[in-house]
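In what follows, a structure is listed as structure tokens, so that the remarks can point back to it.
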Amino acid sequence: MPGNLNSNVLTALWVLLTIISNPSHAQPFEPITGRVESFTLPAPADGSASPLKPRRTSISPPPHSISIGAISNEKKSAETNVDSRPGTPRKIGFGRDVPQLGSITDTATRLQWQNTAQGGKIAAISITSPQATGIRLGILVRRLPAEVTFRFYSQGSGVAYEIAGKEIMKTIQRNLDAGDGSDAARTYWSPHVEGEEVTLEIELPSGISPDTLEIAIPSVSHFFFGPLKAAPGEKISKIGQAASCEIDVSCYSEWSPESKSTAKITFVDSGSSFLCSGTLLNDASSSGTPYFLSANHCITSQTVASTLQTFWFYRSAACNSGTLNPEFQTRTGGATLLYGSQATDTSFMQLSNLPPAGAYYAGWSPNAPELYAYVTGIHHPQGDLQKISFGRFQSFQDCTATNPNTGTYECTFSNKSNGKFLDITYTSGITESGSSGAGLFETIGNVHYLIGQLRGGNASCYGSGSDDYGRFDVAYSDALHQWLNAGPTFLLSVSKLNNGNGTVISSPSGINCGTRCSAPFTQGANVTLTATPASGSIFSGWSGACSGTNATCSVAMNMPQSVTATFSTIAATGTVVEYYNPDLDHYFITAGPGEQAFVDSGAVGRWQRTGVTFMSGGNLPVCRFYGSMSPGPNSHFYTASADECAQLKQLQATTPATQKRWNFESLDFLTMVPVNGACPTHTSPVYRAYNNGFSRGIDSNHRITSDQAAIQEVVARGWINEGVVMCAPQ
């Protein structure tokens, strides 16, 4: 009990309940009778904007429309016959194939690109799944420029979800970093769009070619039960399916803070969509980091966590009013799964985007409750408006899953030392399917502290049932203290971009990205990050809180920090093939077998192999640049000079896209540089000639070849001989 605490156990903090705020506004902790009592911060001006934005209908092109056909009665019956027991996520949708868009080629042929007034391109695809109450698109991404913008909307809507390509690639990279190399990890699930039709609109800025986009839309999640079911002001009978003995949380104003920390969540697993509940948690330093707790049987992996969509303030406007709170909002972007455990059925995450203003960070206790303590649960049964349940803690339990396919599990009586679950009987209210992951709170001195999250049970309106909650104190001791500890800490998050592979490791330890890409560090610490490229890749540089191309960088932890490490794939070995286009009188080289096959197919024009090749290999990467279709130059340029590469990148950064410039594409292959115009033994010289396009008023083009006679031939036609620029292994 709290009276047993003394000044020697202050490190086992009872962490505060706070409203979302700028961390700099946080008040100091004030210990009272061995505990840190909760306090409330004033509502800030929230910098996170709603993901829904007004549609720019003036630029929306007519979409290519696809219908995937009606669902058979047999399939509909099989998919919608859901398990409604507590302890199972509430299934609300199932996967459907989109055969017309199953491959990258299928999708590319249906993207009908149009020019925008800004010099870019735009295209749209409309997909209809008849009788759906809503749809999420499963977009398989192989290559996606960071500058692309995706918009998701229904044709009749005036608003759209707008997602940057950079955010989509970060989401996919999180899945890959967690060790999932499957197509599921490379699939981005769109936000939920209500209705049986959804449109994907893709906008490319000037200078970005549609050829750089490699996506397919092989599947959708077809919703048969909408997570909203009503707009603000509509009657509760349209909103949910909760049992008659459930209690409206809005009737208990003293639980309003915890209500505002509880969110309904939806997610996609193997194409099917589900509903659960979860809780926003504070940390000891009130950093404002959006830590989020739910059940492991809901969020089972990083790939599933990346599909997370949260619904905030989804409750009635007033006690038993039967209408939806007009402050209701949703957030997209998924989450990083920091810790998952079946032992306590814990999924502990960091949301990628901040909750809306007015959301609360819930307090928690790192200690187990005493037997027969009064407890309270706040949750979304059947995905309905938020409910509240009251009960008592009866016993410690040891619970084990018996069938992961059905979600069944068994519990036996245990003790405080070994039991990892809390058995609860209700005095009023119950839980249902969809309540899974919801927080359980204990009241101590009129203050509420989270002590667990819902696993499941057999509670019913007819009594004689109970529920089991995973013990928060056990999960805290096992791992969560790393993020929620009592010292003032800030979170350092590392993400990896581009098409290469590598690891980032921190000193002091904590980040091995790899598998763990975020960690808390003590305020004021200097954290050194070291980037190590994998075989066949090269480290290209830092962005965010770090900059430059050195393998190491230092981050001062005086605030939450984020760093991006860019790794690029290069052809360490292989053959560089030269092509010629007689229509353009241009030369082009590539070391990528996939790109070579693509060029050979004729899909990008009348490019012909010249028969000249040389080998990739050496200690220096070759920078590859491309101009643009318009304003140009419609050509590629290659350099092994680090200085020349850096100068062109700087010019790119300072030259508007409306003017001719070279745009960095990748590090294409490896080579060696000549010394005083000569190559070392066992290597062959590679020459470069320039068509002097700038002076002649045509697109610049360079010929890079190991054939000296070929250089002499173009020089005889007026090209400029630039000499030996690379040395290729023999």
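The values are calculated or read from the model by the stated rules, or taken from the named source; none is laboratory data. Everything quoted here is computed from the prediction, not taken from an experiment. Every residue, glycine as well, gets a Cβ built from its backbone with ideal geometry; the counts of neighbours run over all protein chains shown.
Structure values in brief
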quantity	calculated
Residues located in segment 323-358, provided they are of a type in the set (Gly, Ala, Ser), buried (at least 24 other Cβ atoms within 10 Å of the Cβ) and outside any strand (DSSP E or B)	GLY334
Selection within segment 291-328 - over 18 Å from GLY434 (Cα atoms), over 23 Å from the mean Cα position of the chain (by Cα) and not hydrophobic (A, V, I, L, M, F, W, C)	ASN320, SER321, GLY322, THR323, ASN325, PRO326, GLU327
Residues (touching a residue at least 12 places away in the same chain (Cβ under 8 Å), in a strand (DSSP E or B) and among the charged types (D, E, K, R)) located in segment 360-415	LYS387, ARG392, ASP398
Some residue of segment 578-589 being in a loop (DSSP other than H, G, I, E, B) and without any contact (Cβ under 8 Å) to a residue 60 or more places away in the chain	yes
Every residue from segment 594-642 that is surrounded by 13 or more Cβ atoms within 10 Å (Cβ to Cβ), within 26 Å of ASN115 (Cβ to Cβ) and without any contact (Cβ under 8 Å) to a residue 24 or more places away in the chain	GLU595, PHE598, VAL599
Total residues in segment 715-730, condition surrounded by 14 or more Cβ atoms within 10 Å (Cβ to Cβ) and under 47 Å from the mean Cα position of the chain (by Cα)	7
Qualifying position, being surrounded by fewer than 24 Cβ atoms within 10 Å (Cβ to Cβ), at pLDDT 90 or above and more than 23 Å from ASP248 (Cβ to Cβ), among GLN394, GLN482	GLN394
Check on CYS399, surrounded by fewer than 22 Cβ atoms within 10 Å (Cβ to Cβ), farther than 22 Å from SER272 by Cα, in the same structural domain as ILE247 (by TED's automatic domain parsing) and not hydroxyl-bearing (Ser, Thr, Tyr)	no
Residue list for segment 493-526, restricted to those being aliphatic (A, V, I, L, M) and in a loop (DSSP other than H, G, I, E, B)	ILE511, ALA525
In segment 665-684, residue farthest from the chain's Cα centre (by Cα) [restricted to those that are in a strand (DSSP E or B) and buried (at least 18 other Cβ atoms within 10 Å of the Cβ)]	THR683
Some residue of segment 454-465 being part of a strand (DSSP E or B), touching a residue at least 12 places away in the same chain (Cβ under 8 Å) and on the phi > 0 side of the Ramachandran plot	yes
